[in-house]
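Before any comments, here is the structure.
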Amino acid sequence: MKRSAKCFLSLIFLHSAIAFADTSCEPPIYYTSCCPIEVDLSLALDDFRSLPEGSWNGNWGGYAAANFRAFLPRDFSLQVGGSYGIYDWAGRAFAPFTSASSLQQQGFITVGAARQVSHSGINAGVAYDWMLNKNFGIFAVNPFFDQIRGQLGYLIPGGNEIGVWAAYGIHTAHKESQAVPLRFRGISQVNLFWCHYFKNHAYGILWAGTPYRRGLMYTSGRPGNFIVGAQFSVPVTKHLSIEGHGAYMAPRGSSGLIPARNYDSNISIALTYAFGKRRIQQSPYMTLANNSNFLSDTNQNF
């Protein structure tokens, strides 16, 4: 928990450093090339922990991601993308329900549509996300579940956007390990966000909110207390950027369960290469699903 808090504070510090270095703002800028779509390719290091980890410390690894975005008239766009990650490179010797040499594998798939203005006005997007897992959590099972995610914001002249984004876990995955029935589902959440676009084409987002649906582990109430998160992108060249995201869901303090086992956290840093007809600023409006915007719930964690 302390490590996650320090990582999250480092994201906020980086965002503040960008703002201090360049406070003048411009609306998003476009340029085009011979490719009719925008293509983003990323390589990232990732550390995450979720409710299914139980007494397991968490997962360290890396993933590769690709996103394809096609532009439509009137500022609309369509996208499809996904990621594949491998975690626990040194094995999972602590996890009691899998072999010491096993790796955890995780994939995300996102399809979405958005409208994103270039100067000022209403931005909106919707996405459908899937999470695919192998050796997931302390029970090392292979659940597959999904969520729907939406975002609505207003871009103010000067480079600031304020709004709300929310996610709803749709299907519950049912598994079994050691005769223990297991359930997994995306955590339904709602967050207020603030995004700032910088003149050098960087951007930073901060959000705060709460889970709002009954958790699988509890007889009543939410799976966590509150949620905070951040995301940033800093261009290095015309096509290459450093990007990152992080989130933390605080555990419930009065649940009767061990708080140290009942929180979600994530920290990730990536290099992204973008080419084609692309937006230098936030691209796309709906970020690919990851362990910051797709939190995991379960009914059992030891």
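Every number here is computed from the coordinates shown, using simple stated rules; none is lab data. Keep in mind it's a predicted model, so treat the numbers as computed, not measured. With ideal geometry, Cβ positions are generated from the backbone for all residues, glycine too; neighbour counts draw on all protein chains shown.
Quarter the surface of the alpha carbon convex hull of the range 112-179 and you get the mean projected area, 6.0 square nanometres. Centre-to-centre separation between the Cα atoms of the range 51-66 and those of the range 134-151: 11 Å. The smallest convex shape that holds all Cα atoms of the range 164-227, its convex hull, gives 115 Å³ per residue. Among Ser241, Ser177, the order by Cβ neighbours within 10 angstrom, fewest to most, reads Ser177, Ser241.
Here the extension length gained between Lys238 and Leu43 equals 68.5 nm, from 0.36 nm per residue of separation less the Cα-Cα distance.
Using square roots of five times the C-alpha gyration tensor eigenvalues, list the equivalent-ellipsoid semi-axes of the range 161-282 in whole Å, biggest first.
Numbers: eigenvalues 239, 57, 34 Å².
Largest first, the range 161-282 gives 35, 17, 13 Å.
The HN-Hα couplings worked out from phi for the range 210-224 by the Karplus form 6.51 cos²θ - 1.76 cosθ + 1.60 (θ = phi - 60°) are 8, x, 10, 10, 4, x, 6, 8, 10, 6, 7, x, 7, x, x Hz, whole numbers, x standing for Gly and Pro.
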